[in-house]
Amino acid sequence: MFNSFGELFRFTTFGESHGKAIGVIVDGVPAGLDFDEEFLQNELDRRKPGKNRFATQRKESDRAEVLSGVFEGKTTGTPIAIVIFNKDQKSKDYSNIKDLFRPGHADFTYWNKYGIRDYRGGGRSSARETAARVAAGAVAKMLLKELNIDIKAGVIEIGGVRAKKEDYEYAKTSPLFALDEKAEEKWIELIDEKRNEHNSLGGVVKLKIDNLPVGLGEPIYYKLDNVLASAMVSINAVKGIYIGNSEAHKLTGLENNDEITKEGFLSNNAGGVLGGISNGESVEAEIYFKPTPSIFKTQKTVDIYGNEVEVDLKGRHDPIVAIRGSVVVEAMAACVIADMLMLNMTRRIDYIKKIYQ
Ligand SMILES: Cc1cc2nc3c(=O)[nH]c(=O)nc-3n(C[C@H](O)[C@H](O)[C@H](O)COP(=O)(O)O)c2cc1C
Ligand SMILES: C=C(O[C@@H]1CC(C(=O)O)=C[C@@H](OP(=O)(O)O)[C@H]1O)C(=O)O
């Protein structure tokens, strides 16, 4: 359970950032689904590192190899294994942090928990692992496509500078810089400034899921909103999620309630979820990323022997993680929805009878 995600649509990832490979095993995918390898590769390309100056300069092609679970272009109902070989590790850049802990990264906690740690790029704690999640998300999206369910995420805030609300629609069409020129200009300026200062920035990603049926989500312990929140906070550097209108806590009940008519809800402050169950409106959420911890400034830390030391890092790092992180947000959301769709089929006698009678 602690090494996998999902109940019926499940995945587990494997590998380390500077190991031989990373990958994912996706289980529970129904048989007979068209498997689009080109789409899988496109999704990985959207997240892959080294593409521009707003991302880490580690150059990985992130080529996916599908090892199992697909025959003649269709899923077979058996586990789908996907592997991505690491090519551009440069592990020697990490030899100086072998015995000490980077502030803000997972070195301290991994060492204290396990008593052993792969210090090369943080091993499994490196967000390189999220490439494997994007591969799982691509499989989930193949399933969702059959039902016209659409998932988009895009950056709406960088370094405290938020795009105007009306620009969010542009944000969801691109995980990079598709916002109006003013927000984009300011963001680029900020990122360049912080990168030149050897520092980093945080950001906010907007998630929107369209065309969901009513009824997804399993109260009380597997609610759509609590599972979505758990999936998002499981992404490296995500520190929070707000479901629905992120100003809701400042509103009154009268302002916040979405009134209901025969035609549907008059507003969507709830973000498409009531009582843990989808209400047929778009699921909307904001996901909050902290600034990249690995920065090139001298900082205080301790070593594994308890000595106070100073640390200067090498390696290649994202000046902001929310941009590439937005692709991971989409992938995790797709896996949650695929899981909820499959669970929902089992939850009513009339659904079960439809299949077996
Ligand atoms: C797509 C993505 C890219 C990331 N890139 C980096 C990076 O280049 N350098 C870094 O120190 N952290 C990066 N992180 C964040 C760290 O992996 C994360 O902060 C670290 O594992 C500690 O976990 P926590 O911040 O969730 O506590 C990235 C996260 C994501 C989602
Ligand atoms: C390699 C990727 O991103 C990495 C995420 C990451 C981290 O600490 O999260 C640190 C850097 O790499 P390394 O593990 O070599 O230190 C980033 O380059 C990738 O996304 O494919």
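On the beta carbon distance between GLU310 and LYS59, with R0 = 35 Å, the FRET formula returns roughly 0.75.
With R₀ set to 25 Å, the beta-carbon distance separating LEU147 from LYS239 gives a calculated FRET efficiency near 0.20. For region 10-356, the relative contact order is 22 percent, taking Cα pairs closer than 8 Å that sit 6 or more residues apart in sequence and dividing their mean separation by the residue count.
Straight Cα distances below 26 angstrom link LYS186 to the lysines LYS48, LYS51, LYS152, LYS164, LYS165, LYS172, LYS194, LYS206, LYS208, LYS239, LYS290, LYS297, with same-chain residues fewer than 8 positions distant left out.
Starting with the highest mean, order 87-95, 25-33, 9-17 by the number of other Cβ atoms within 10 Å, averaged over the residues of each peptide.
On the way: 87-95: 14.2, 25-33: 17.7, 9-17: 20.9.
So the order, starting with the most tightly packed, is 9-17, 25-33, 87-95.
Taking the mean number of other Cβ atoms within 10 Å as a proxy for protection, how do you rank 301-313, 61-73 from highest to lowest?
Taking the mean over residues of other Cβ atoms within 10 Å, the ranking is 61-73, 301-313.
Placing a pseudo-label 7 Å from each Cα along the Cα-to-Cβ vector at THR301 and ASP192 gives an inter-label distance of 3.1 nm. Applied to region 6-19, the Karplus parametrisation 6.51 cos²θ - 1.76 cosθ + 1.60 on θ = phi - 60° returns per-residue 3J(HN,Hα) values of x, 9, 9, 9, 10, 8, 9, 9, 9, x, 10, 4, 10, x Hz, with x for Gly and Pro. Here's the picture: a label point sits 7 Å out from the Cα of ILE260 along the beta-carbon direction, and within region 206-228 the residues with their amide nitrogen under 15 Å of it are 214-216. If R0 is taken as 45 Å, the Cβ-Cβ distance between TRP111 and ILE349 corresponds to a FRET efficiency of 0.30. Relative to the dominant Cα principal axis of the chain, helix 181-196 is inclined by about 30°. Computed on the Cα trace of region 10-356, the radius of gyration divided by the Kirkwood hydrodynamic radius gives Rg/Rh = 0.99.
Computed from the coordinates by the stated procedures, all read-outs in this text should not be read as laboratory data. Please read all numbers here as calculations on a predicted model, not as lab measurements. Cβ coordinates were reconstructed from backbone atoms using ideal geometry, including for glycine residues, and neighbour counts include every protein chain displayed.
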